[in-house]
Amino acid sequence: MPISKEKRMQYYRLALGDLERKRAEIEKEISNLRRELGGAPSRGSRLRAVGPVRRRRRMSREGRKRISEAMKRRWAERKKASRG
């Protein structure tokens, strides 16, 4: 006999509440461990060190092309000098 949608939603709410309580307990334990370690954030931590968020710069297509052409010229000069 299939479970009604209402019963299923009630089960999901209970499961979600249980998982959220467990997450709160785990986060509390993590906080305690970090405090014991001197407050150093772990590598996997979502918390950032003090300072502004650095955004990654984007290079335009023209910029990449200029750099590519310059490197090709440099390598051609090096190749020519080594043969020469």
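Computed from the coordinates by the stated procedures, all read-outs in this text should not be read as laboratory data. Please read these numbers as outputs of a predicted model, since none were measured by experiment.
Relative to the longest principal axis of the Cα atoms of the chain, the long axis of helix 61-83 makes an angle of roughly 50 degrees. To the nearest 10 degrees, how steeply does helix 5-36 sit against the main Cα axis of the chain, on a 0 to 90 scale? Approximately 60 degrees, to the nearest 10.
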